[in-house]
1. Normalised by the number of residues in the chain, what is the relative contact order in percent for Cα pairs under 8 Å and 6+ residues apart?
2. If you roll a 1.4 angstrom probe over the protein chains with everything in place, what fraction of the accessible area of the chain belongs to carbon and sulfur, to the nearest %?
3. Under a 5 Å amide H to amide H cut-off, with H placed in plane at 1.01 Å, what residues pair with Thr192 once short-range neighbours are removed?
4. Provide the per-residue ³J(HN,Hα) series for segment 206-212, in order, calculated from phi with Karplus coefficients 6.51, -1.76, 1.60 and θ = phi - 60°, each as a whole number of Hz, with x at glycine and proline positions.
5. Over the Cα atoms of segment 102-172, compute the convex hull volume and normalise it per residue, giving Å³.
6. Give me the log10 of I(q) over I(0) for segment 101-221 at q = 0.17, 0.20, 0.22 Å⁻¹, as the Debye formula computes it from C-alpha points; what are the numbers?
7. Could you pull out the trypsin sites (Lys or Arg not before Pro) across segment 67-166 that fall in loop regions by DSSP (anything but H, G, I, E, B) with no more than 14 other Cβ atoms inside 10 Å?
8. Rank Thr119, Thr45, Thr95 by mean-square fluctuation in a GNM of the chain with C-alpha springs under 10 angstrom and give only the top-ranked residue.
Amino acid sequence: MHPILHDIRLVAFDLDGTLIDSVPDLAVAADAALADLGLVPQGETRVRDWVGNGSLTLMARALEGALGEAPDEALLARAHRGFLEHYGRAPSAHTRLYPGVREALAALTARGLPLALVTNKPSAFIAPLLEAFDLARHFALCLGGDSLAAKKPDPAPLLHVAAHFDVSPSACLMVGDSRHDIEAGRAAGFRTLAVPYGYNHGEPVALSRPDGTVESLAELV
């Protein structure tokens with residue numbers, strides 16, 4: 001067992017960039033939504049630096065990349081609707097599970113630790129993705145970016161998780177790939193663990209000073 005798990009009674013995981021590499025499917029949907037509007041697709045490389053703050057922000061960044069300026073609210077709303085439609089048709093077609101994820105979740109579940117999923121992805125996409133990779137059985141609670149009034153980096157979702165399981169935040173661990181995960185965890189009073197392989201707007205997640213870092217989630221167990 002990794003030392004960071006000492007005295008931990010609950011583990012919360014981010015999804016995109018932590019458990020799954022979903023950028024290929026996110027990029028396909030974002031580019032299709034742009035094409036519907038007659039705009040130039042922005043490509044997977046750029047989208048990789050834009051994810052992590054929810055789908056609305058992703059499309060705002062994609063539109064700004066295509067237009068060279070911030071979009072107005074009406075155009076953003078149209079683009080976002082298009083993105084949700086395209087992504088909803090095939091959210092796991094090109095998405096892959098990161099190495100070590102399945103082993104880590106299985107081992108933590110076997111130890112009786114309750115696991116929660118806290119993502120900024122719209123909640124409608126959580127179940128299809130978890131089911132596609134046979135991960136749903138590991139999570140006792142899943143929160144999307146639209147599940148509560150606030151989302152990461154606000155600590156509210158993590159505090160909700162701790163209260164739901166009646167576990168002190170100091171006995172909870174937040175595992176994620178971005179500064180928003182680390183900021184949310186720290187603000188909630190959680191211990192924080194980062195993986196360096198995900199999405200963090202092109203910056204090393206170590207700059208956010210997590211309590212620990214692992215190259216693979218397999219290192220947890």
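The values are calculated or read from the model by the stated rules, or taken from the named source; none is laboratory data. Remember, predicted model here, so these are calculated numbers, not experimental data. Neighbour counts run over all protein chains shown; Cβ positions are idealised from the backbone, glycine included. Calculation scope for accessible area: heavy atoms of the full protein, side chains included, ligands and nucleic acids excluded. Shrake-Rupley method; radii C 1.70, N 1.55, O 1.52, S 1.80 Å.
1. Over the chain, the number comes to 27 percent.
2. Carbon with sulfur: 52 percent of the solvent-accessible area.
3. For Thr192, whose amide H was placed from the backbone, the distant partners under 5 Å are Met174, Asp211, Gly212.
4. Listing the rounded values in order: 4, 5, 7, 6, x, 6, x Hz.
5. 89 Å³
6. At q = 0.17, 0.20, 0.22 Å⁻¹ the computed log10 ratios are -0.88, -1.28, -1.54.
7. When the trypsin sites (Lys or Arg not before Pro) of segment 67-166 are filtered for loop state and at most 14 Cβ neighbours within 10 Å, Arg111 remain.
8. Thr45
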